[in-house]
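Engineer: Sharing a structure below in structure tokens format, with a few things to ask.
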Amino acid sequence: MNTGATVQPEAVRGCLAGRLTSPLQVRTRAEADTVVVQVVRPLDVETSTDFGQWARSLVAAGRRLIVDLRRAEYIDSAGVRVLLALHTEMHRAAGELRLVVSPGSRVERTLRILRLHEHFHLYRNLCQAWDRRAHTA
């Protein structure tokens, strides 16, 4: 993939492969300096520790990490703490964390109530998050 190119929806549609199984289920895809992680269960006290440990292994200099939370039913305070810690680690590594959330979802409402939409880069879909030029939606 040419990292300077805009990825079209057709190219992104099939980009989630691989799996980590535990109470947490995620799918990942890596291309060039970008890793996409799709969380398919709630990011909560039961799953956040495993997710945090696993996601920290993805932190690398200059890497862009996209966490797709559209299939996560909800996020609790433990999940929020993990995302904040991951954001800090990515920033220290000169990387970038982008979150994909469904508009109006419980995840988006939680992040907005906590005013974390001012802290995180939030996107409505994977294509926007993938686009190198994209800014927070």
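Engineer: Tally time: how many residues in segment 89-112 are surrounded by fewer than 15 Cβ atoms within 10 Å (Cβ to Cβ) and farther than 22 Å from GLU46 by Cα?
Structural biologist: 7
Engineer: Moving on. Take the residues in segment 45-57 that are surrounded by fewer than 20 Cβ atoms within 10 Å (Cβ to Cβ) and touching a residue at least 24 places away in the same chain (Cβ under 8 Å); name whichever of them is nearest to LEU97 (Cα to Cα). Spell out how you get there, then give the answer.
Structural biologist: As a first pass, look at segment 45-57 and keep what is surrounded by fewer than 20 Cβ atoms within 10 Å (Cβ to Cβ): 45-46, 49-50, 52-54, 56-57.
Filter again for touching a residue at least 24 places away in the same chain (Cβ under 8 Å), leaving 45, 49-50, 52, 54, 56.
Details: VAL45: 21, THR49: 18, ASP50: 18, GLY52: 13, TRP54: 15, ARG56: 12 Å.
So the residue we want is ARG56.
Engineer: For segment 46-137, which helices (runs of 4 or more DSSP H) that fit wholly inside it have 1 or more residues that are in contact with a helix residue (DSSP H, G or I) (Cβ under 9 Å, 6 or more places away or on another chain) and β-branched (Val, Ile, Thr)? So that I can check it myself, show each step before the final result.
Structural biologist: Numbers: elements: 48-56, 77-92, 106-113, 126-130.
In segment 46-137, the matching helices (runs of 4 or more DSSP H) lie at 48-56, 77-92, 106-113.
Rule-based calculations on the coordinates, nothing more; no lab input. The model shown is predicted, which means the values in this text are computed figures rather than measured ones. Ideal geometry is used to build each Cβ from the backbone, glycine not excepted, and the neighbour counts take in all protein chains shown.
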